[in-house]
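See below for the structure under consideration.
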Amino acid sequence: MSEPPEAIAGVANVDCTGMQALVTGSTSGIGRAAALALGRLGADVIVHGRDETAGAAVVDDLAAVGADATFVAADFADVASVRGLADTVRAETDGLDVLCNNAGGLFRDGRLTDLGVERTFHVNHLAPFLLTADLLDHLRDGARVVTTASAAHNGVSLDLDRVGRVESYSGLWAYSHSKLANVLFGAELARRLAADDRDITSNSIHPGAIPGSGFSRFLPGPLPRLVGALDAVPGVTSVADGAAELLFVAVSPRTADISGRYFSGQQPTLPSTAARDTDAAERLWTFSADALGVDEPLAEPADP
Ligand SMILES: NC(=O)c1ccc[n+]([C@@H]2O[C@H](COP(=O)([O-])OP(=O)(O)OC[C@H]3O[C@@H](n4cnc5c(N)ncnc54)[C@H](OP(=O)(O)O)[C@@H]3O)[C@@H](O)[C@H]2O)c1
């Protein structure tokens, strides 16, 4: 049995009483473990996903540790659903201290969403972009935005033409590309928040390669069950380890003043060259706002 995420992240003594946290994709896996840890540390938690039964179970688990928790269902492939999540968060909280953009997946078949955008890019990148933009003025001073990216972002570069089509679809490429978008988004958001003098940090993380989360649902045949069992094997990166990475950046005093970085192994780490391309980050930002039909949130930072 591995240690809880708060112990692994060295934040077991951090008091989150009075804090409001939204963890997207917290019906399962890394997000669920992070949401439960935030609740144990004293935060009120909004649990999100699509699975109502799983969401209700996480809320019950949070209530059992004395946390005030609500589940909000929203499908990240649907713009109205994401906007509805933001509206509910506004209605049910008077501000957010932690926004974990964690929901995501790898989809083996190529599909376009109603926006005419490939689904992986939409769910993994456009939805958190929209949610964050919609909640920007609801983030309290000192708030932290943490986006769950992946080391899978390595090896691809930004190709915004390709997100408009699904011919010759590769689920792996689409996933890697969406995770590159997560790293670029986390850094660009940090630059724009700083330029706007907002006291809010934005970072992205690689949680580790974690066989025991629900992520293995994307594997064929009996593999999800077999791979899931690896969570208990010593030495294998566990769901608790992945949640710890999220917690470390979301609440540790050691990361309070760090923004615009990509964390792996509880260290700011250099992402790929493509993920450090500030022009690409800016293009992605403009493209995302245009695709969603929203005003660009936060002004472009002035040239250094
Ligand atoms: N596991 C790994 O090895 C690994 C490595 C690097 C990065 N990551 C990243 O870690 C994050 C969490 O993944 P995980 O490993 O914890 O997998 P997981 O157990 O499958 O959790 C994924 C979460 O995302 C939600 N989600 C998926 N599609 C959604 C949609 N269309 N709309 C709304 N919510 C949706 C799921 O909720 P519902 O099922 O309720 O919809 C679930 O709560 C993802 O961003 C993933 O890319 C994972």
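The values are calculated or read from the model by the stated rules, or taken from the named source; none is laboratory data. Note that this is a predicted model, so its numbers are computed, not measured. All Cβ positions, even for glycine, are placed from backbone atoms using ideal geometry, and neighbour counts span all protein chains on display. Just so you know, the surface numbers come from the protein's heavy atoms only, side chains and all, with ligands and any DNA or RNA stripped out. Shrake-Rupley method; radii C 1.70, N 1.55, O 1.52, S 1.80 Å.
Here are some notes:
- Helical content alone sets the calculated 222 nm signal of the chain at -11500 deg cm²/dmol, taking -39,500 (n - 2.57) per DSSP H segment of four or more residues and averaging over every residue.
- Per residue, the range 15-292 exposes 39 Å² of accessible surface when a 1.4 Å probe is rolled over the protein heavy atoms with every protein chain present.
- Taking 0.36 nm per residue of sequence separation and removing the Cα-Cα distance, the Thr273/Ala63 pair yields an extension gain of 71.3 nm.
- Residue with peak Gaussian network fluctuation, the chain [Cα springs, cutoff 10 Å], from Asp241, Asp196, Asp51: Asp196
- Unit charges on C-beta of K, R, D, E only; dipole of the chain, Debye: 960 debye
- The calculated FRET efficiency for Asp141 paired with Ala73, based on their beta-carbon distance and R0 = 35 Å, is about 0.75.
- For the range 263-304, the square roots of the Cα gyration tensor eigenvalues, ordered a ≥ b ≥ c, give a/c of at least 1.5 with a/b greater than b/c, which places it in the prolate category.
- Tail fraction, Cα-Cα pairs, the range 66-106, threshold 14 Å, whole percent: 58 percent
- GNM top mover of Arg276, Arg165, Arg144 - the chain, alpha-carbon springs below 10 Å: Arg165
- Projected label distance in nm at Arg83 and Arg283, using a 7 Å step from Cα toward the beta-carbon: 2.9 nm
- Sequence-distant residues sharing a close amide H with Phe71 (under 5 Å, placed H): Val47
- Alpha-carbon Debye profile of the range 15-292, log10 I(q)/I(0) at 0.09 Å⁻¹: -0.37
- Length released on extending from Thr53 to Arg90, taking residue separation times 0.36 nm less the Cα-Cα span: 11.0 nm
- Computed extension length for Val236-Arg111: 41.7 nm, one decimal, from 0.36 nm per residue of separation with the Cα-Cα distance subtracted.
- Placing pseudo-labels 7 Å out from each Cα toward the beta carbon at Glu296 and Arg254 gives an inter-label distance of 3.7 nm.
- Approximate spin-label separation Ser168-Arg217, in nm, with each point projected 7 Å along Cα-to-Cβ: 3.1 nm
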